[in-house]
1. Do any residues in the stretch 136-158 that are closer than 29 Å to Val355 by Cβ have Cβ atoms under 7 Å from those of residues that are of a type in the set (S, T, N, Q) and buried (at least 16 other Cβ atoms within 10 Å of the Cβ), where the two are at least six apart or on different chains, and which pairs are they?
2. For the stretch 374-401, what are the residues that are part of a loop (DSSP other than H, G, I, E, B) and modelled with pLDDT of 80 or more?
3. Being over 28 Å from Asp91 (Cβ atoms) and small (Gly, Ala, Ser) is the filter; apply it to the stretch 137-151 and report the residue that is surrounded by the fewest Cβ atoms within 10 Å (Cβ to Cβ).
4. Got at least one residue in the stretch 227-235 being modelled with pLDDT of 75 or more, within 30 Å of Arg54 (Cβ to Cβ) and surrounded by 13 or more Cβ atoms within 10 Å (Cβ to Cβ)?
5. Among Thr88, Thr81, Thr149, which is the only one that is over 17 Å from Arg345 (Cα atoms), among the hydroxyl-bearing types (Ser, Thr, Tyr) and at pLDDT 95 or above?
6. Could you identify the single residue in Arg184, Arg134 that is surrounded by 15 or more Cβ atoms within 10 Å (Cβ to Cβ) and either more than 28 Å from the chain's Cα centre (by Cα) or not assigned by TED's automatic domain parsing to the domain that holds Leu92 (or both)?
Amino acid sequence: MVTIREDGYVNAVLGYGMKRFDPFTHNRYGGINSWLVDYREADNMYTFNGLARRIISLPAEEALRKGFEVKVGGEDVDENTKRRLKSTLEDLDAKKQLGVALSWDRLFGGAAVLMIADDGGALEDPLNLARIRRIERLDVYAPEDISFTNAMLYEDPSSPMYGRPQFYNIIGLWGNAFMVHESRLLLFHGGNISNYYRRMRMGWGATVFEQVKSELSHYVGGNDYAFMALGRLSQGVLKLANMNDLLMNDEGERAVQTRLHLIDMARHMLNTIAIDTEDDYDQKAMSLSNVDSVLDEFMMAICSATGIPATLLFGRSPAGQNATGKSDLENYYNLVEGIQQHTLRNPLARLIEVVGSCSEYGIALPREWYLRFESLWNESEREEAETKKLRAEARRAKAEAINTLVQAQVLDVSEARATLERDEDYEIDRSLDAVMNTTPEGGE
């Protein structure tokens with residue numbers, strides 16, 4: 001029988017793949033040598049790595065931080081409806097539950113929020129908005145706890161839901177299984193991914209970690225190497241007599257490893273190292289120059305892959321002369337706004353629709369309405385003052401232009417007033433218009 005052997009230097013000296021000597025073995029959370037991230041690996045990264053948790057949580061929390069408004073034709077709904085809707089969503093802890101769903105959507109490639117609704121029907125029945133009284137609670141489930149079969153799909157070709165799941169099997173926190181109609185779920189479908197991989201994942205999408213796994217591994221591994229270098233500012237060099245001959249068999253390889261381990265454990269300025277007369281041991285000074293710049297490059301690679309600026313992800317101040325980080329924040333807010341529009345809007349609108357249909361809440365939503373998310377920017381006092389100044393200057397320039405047209409008799413006074421009123425920059429007092437337009441008695 002022929003035994004194929006690799007060079008003994010691989011493990012005896014370099015220690016590749018050995019947890020004690022290879023830092024890269026410490027930043028694997030499962031799925032070794034795989035670019036796909038399964039549920040367990042993603043869960044472990046999120047649970048045991050603070051940086052990985054921030055990558056997932058920061059954009060999800062930011063998407064819900066400033067809240068939203070329900071608009072009707074460009075105007076807010078009435079104060080009573082707004083107050084009741086806000087109170088109901090707070091009682092349901094909707095902000096927290098939607099935040100969890102957004103985080104799991106980024107972490108696992110999808111999520112589902114189950115609305116436990118009191119409408120007189122069972123979970124496997126379609127949600128009856130005409131009979132719904134209230135929502136008891138909102139429960140969030142990860143994709144690994146949700147499944148369906150082909151027999152559970154819509155089969156009517158004329159239905160807009162044709163080919164999509166009508167029912168889902170869900171496994172609860174304590175292992176209890178139950179079936180739910182899709183109308184009772186707020187579904188989050190994960191990141192963009194090809195149909196091939198979406199079929200492999202039972203309809204769920206891409207995860208964030210699949211996009212940043214390599215960059216995160218490099219950064220964590222680089223920090224591990226840097227930490228090891230601090231403990232080895234001088235590198236020991238051992239010249240072993242007949243080392244090549246020793247590495248030609250398993251026993252010799254283990255003997256070399258044992259010798260190296262003993263020297264590493266004994267190496268200290270207060271300890272004595274014992275070697276054979278034919279061996280030679282020396283120490284070479286190591287330099288840590290430029291290590292910080294290499295780690296900075298790994299850090300920037302993570303920021304580039306995630307779209308999260310270093311000021312938020314790592315808590316670092318903007319770098320460079322006159323740097324403010326405003327452009328980085330602008331790009332980040334664009335990312336978050338994309339999450340709001342493409343991931344959060346539909347489930348949130350569906351939840352508001354169901355809440356507005358509940359008879360016990362007394363929320364009278366208009367027939368047509370839409371969501372508008374609040375701006376993510378927090379203007380400083382200086383920025384707010386500059387904005388007001390620019391608006392005032394624009395209004396003054398417009399008024400001067402209209403006054404010039406009036407003086408040139410291109411417009412009369414009534415036309416000028418109407419123009420200002422249409423632009424909504426001025427509030428025109430119309431209380432005397434009827435009097436001014438009345439023809440005096442006996443006049444022409």
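The values are calculated or read from the model by the stated rules, or taken from the named source; none is laboratory data. Quick caveat: nothing in here was measured; it's all calculated off a predicted structure. Quick reminder, even Gly has a Cβ in these numbers, built from the backbone with ideal geometry, and neighbours come from all protein chains shown.
1. Leu138/Gln97; Val140/Gln97; Met152/Gln166; Leu153/Gln166; Tyr154/Gln166
2. Residues of the stretch 374-401 part of a loop (DSSP other than H, G, I, E, B): 374-380.
Of everything in the stretch 374-401, those that are part of a loop (DSSP other than H, G, I, E, B) and modelled with pLDDT of 80 or more turn out to be Glu374, Ser375, Leu376, Trp377.
3. Per the criteria, the residue is Ala151.
4. no
5. Only one candidate passes the filter, namely Thr88.
6. Residue meeting the stated conditions: Arg134.
Okay, residues lined up against (1) in a strand (DSSP E or B); (2) in contact with a Gly (Cβ under 8 Å, 6 or more places away or on another chain); (3) at pLDDT 95 or above:
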site	(1), (2), (3)
Val100	no, no, yes
Leu107	no, no, yes
Asn128	no, yes, yes
Ile135	yes, no, yes
Val140	yes, no, yes
Gly175	no, no, no
Leu186	yes, no, yes
Tyr197	no, no, no
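Yes/no matrix, rows are residues, columns are (1) modelled with pLDDT of 85 or more; (2) not in a helix (DSSP H, G or I); (3) not polar (S, T, N, Q):
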| site | (1), (2), (3) |
| --- | --- |
| Trp204 | yes, yes, yes |
| Lys213 | yes, no, yes |
| Val220 | yes, no, yes |
| Tyr225 | no, no, yes |
| His268 | no, yes, yes |
| Ile273 | no, yes, yes |
